[in-house]
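Participant: Have a look at this one before I ask anything.
Please treat every number below as a calculation from the coordinates, not as lab data. Note that the coordinates shown come from a computational prediction; the quantities given were computed from them, not determined experimentally. As a convention, Cβ positions derive from the backbone with ideal geometry for all residues, glycine included, and neighbour counts pool all protein chains shown.
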Amino acid sequence: MGITFQLCVLAFLLTFAGYSAGFKPVVLLHGILSGSENMVSLGQEIEREHPDTKVYNCDKFSGWNSLESAWRQIKEIGEYLMTICKLHPEGVHLIGYSQGGLLARAILQSFPDHNVKTFISLSAPQAGQYGTSFLHLIFPDLMAKTAFELFYSRVGQHTSVGNYWNDPYKQELYYEYSTFLPYVNNEIMSANSSNFKEGLLKLKRMILVGGPNDGVITPWQSSHFGYFNGSLDVIPLEERPIFTTDAIGLKTLSDDGRLVLVTVPHVNHFQWHRRKSLIRKYILPHLD
């Protein structure tokens with residue numbers, strides 16, 4: 001009788017544990033010049049298709065505040081994420097859109113004690129940005145060819161855009177002035193370089209989503225860590241040093257089957273986090 005009762009209790013506890021775990025919580029991070037309201041559709045679709053999922057829609061650095069320096073945003077949003085991680089020891093998922101995808105990636109690198117299981121980057125400039133169409137969303141009168149004069153300066157490095165502006169014609173200035181992107185990409189080594197790699201290697205999955213009709217991220221392959229060379233030819237991730245040297249762990253993730261590159265044509269930049277068919281096909285399957 002005693003053994004039977006204990007087995008029944010154990011079965012109940014296992015069943016309850018499995019039920020209570022359900023889908024892991026999801027943290028959403030918005031893009032530039034927007035806020036949490038811009039991610040509501042995505043959050044609602046997750047809750048609709050994955051009932052009882054706890055969704056945290058970050059409202060920090062909304063609107064013009066999203067232009068504040070990358071490192072300041074990473075510190076504050078990173079602390080916000082770590083608070084959530086501590087509430088959910090079973091792990092959480094993280095989704096970042098546009099600039100938010102790049103900041104989210106850097107947060108994982110800067111806070112390697114996180115327990116994020118799946119990171120989904122939606123059309124984010126992971127390898128940097130160089131394009132007039134993007135600039136004109138924020139600086140209508142600024143041209144890509146001359147933007148380096150602003151961004152590669154002490155003043156320009158106080159803006160998030162300046163922090164990941166990667167001018168293929170001005171690489172010497174990029175490495176001299178940029179205080180963010182070449183560091184989180186371990187192009188310039190620092191005291192944090194090992195953490196920057198460790199933070200990504202903790203992931204169960206990294207999903208990088210982008211497409212050729214994005215119209216904002218330039219080149220669009222930056223969403224997959226591809227980027228321009230000095231002749232404006234796009235070098236894919238697999239041929240770039242950040243991958244071949246495993247600078248931040250991307251090669252290891254790929255070799256382990258934990259890195260997934262998703263290319264979807266005919267999607268405008270402002271649809272990735274709103275179109276239900278995209279969410280159901282390319283996001284939900286990765287949220288267990």
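Participant: Mind checking whether some residue in region 223-231 is in a strand (DSSP E or B), surrounded by 19 or more Cβ atoms within 10 Å (Cβ to Cβ) and more than 17 Å from the chain's Cα centre (by Cα)? Show your work before the answer.
Facilitator: Taking region 223-231 first, the residues in a strand (DSSP E or B) are 227-228.
Okay, now just the ones that are also surrounded by 19 or more Cβ atoms within 10 Å (Cβ to Cβ), so 227-228.
Filter again for more than 17 Å from the chain's Cα centre (by Cα), leaving 228.
Yes: region 223-231 contains one or more residues that are in a strand (DSSP E or B), surrounded by 19 or more Cβ atoms within 10 Å (Cβ to Cβ) and more than 17 Å from the chain's Cα centre (by Cα).
Participant: Is there a residue in region 152-159 that is of a type in the set (S, T, N, Q), assigned to a strand (DSSP E or B) and surrounded by fewer than 20 Cβ atoms within 10 Å (Cβ to Cβ)? Working first, answer last.
Facilitator: Initial filter on region 152-159 (of a type in the set (S, T, N, Q)): 153, 157, 159.
Going one step further and asking which of them are assigned to a strand (DSSP E or B), we end up with 159.
Imposing the further condition that a residue be surrounded by fewer than 20 Cβ atoms within 10 Å (Cβ to Cβ) reduces the set to 159.
Yes, region 152-159 has at least one match.
Participant: Within region 250-288, which residues are part of a helix (DSSP H, G or I) and among the hydroxyl-bearing types (Ser, Thr, Tyr)? Write out each step before concluding.
Facilitator: In the first step, residues of region 250-288 are kept if they are part of a helix (DSSP H, G or I); the result is 250-255, 269-271, 276-286.
Within region 250-288, Thr252, Ser254, Ser277, Tyr282 meet the criteria.
Participant: Continuing with the same structure: If you scan region 60-78, which residues turn out to be among the acidic types (Asp, Glu) and either more than 30 Å from Arg154 (Cα to Cα) or within 16 Å of the chain's Cα centre (by Cα) (or both)? Spell out the reasoning first.
Facilitator: Filtering region 60-78 down to residues among the acidic types (Asp, Glu) leaves 68, 76.
Once the filter is applied, which keeps residues that are among the acidic types (Asp, Glu) and either more than 30 Å from Arg154 (Cα to Cα) or within 16 Å of the chain's Cα centre (by Cα) (or both), region 60-78 yields only Glu76.
Participant: Inside region 140-151, can you point out the residues that are in a loop (DSSP other than H, G, I, E, B) and surrounded by 15 or more Cβ atoms within 10 Å (Cβ to Cβ)? Can you show your working first?
Facilitator: So in region 140-151, the residues in a loop (DSSP other than H, G, I, E, B) come out as 140-147.
Leu142, Ala144, Ala147, listed by residue number.
Participant: Return the residues of region 32-89 that are small (Gly, Ala, Ser) and without any contact (Cβ under 8 Å) to a residue 24 or more places away in the chain; say none if nothing qualifies.
Facilitator: Gly43
Participant: A further question on this structure: What's the number of the condition Leu181 fails, among (1) surrounded by fewer than 19 Cβ atoms within 10 Å (Cβ to Cβ); (2) closer than 29 Å to Ser36 by Cα; (3) not polar (S, T, N, Q)?
Facilitator: (1)
Participant: What are the pairs, 6+ residues apart or on separate chains, where a residue within region 268-283 that is under 16 Å from His93 (Cβ atoms) and in contact (Cβ under 8 Å) with a residue 24 or more places away in the chain has its Cβ under 6 Å from a residue that is surrounded by fewer than 21 Cβ atoms within 10 Å (Cβ to Cβ) and among the aliphatic types (A, V, I, L, M)?
Facilitator: Tyr282/Val262
Participant: Still on this structure, please answer the following. What residue, among those in region 26-52 that are part of a loop (DSSP other than H, G, I, E, B) and among the hydrophobic types (A, V, I, L, M, F, W, C), is surrounded by the most Cβ atoms within 10 Å (Cβ to Cβ)?
Facilitator: Going residue by residue through region 26-52, those that are part of a loop (DSSP other than H, G, I, E, B) are 30-35, 50-52.
Now narrow it down to the ones that are among the hydrophobic types (A, V, I, L, M, F, W, C): 32-33.
Values: Ile32: 22, Leu33: 16.
It comes out as Ile32.
Participant: Which pairs turn up if I take residues in region 211-223 that are in contact (Cβ under 8 Å) with a residue 60 or more places away in the chain and look for partners that are of a type in the set (A, V, I, L, M) and assigned to a loop (DSSP other than H, G, I, E, B) with beta carbon separation below 7 Å, at least 6 apart in sequence or on another chain?
Facilitator: Once the first residue is in contact (Cβ under 8 Å) with a residue 60 or more places away in the chain and sits in region 211-223, its partners that are of a type in the set (A, V, I, L, M) and assigned to a loop (DSSP other than H, G, I, E, B) give Gly211/Val264; Gly211/Val267; Asp214/Val267; Ser222/Ala127; Ser223/Ala124; Ser223/Ile217.
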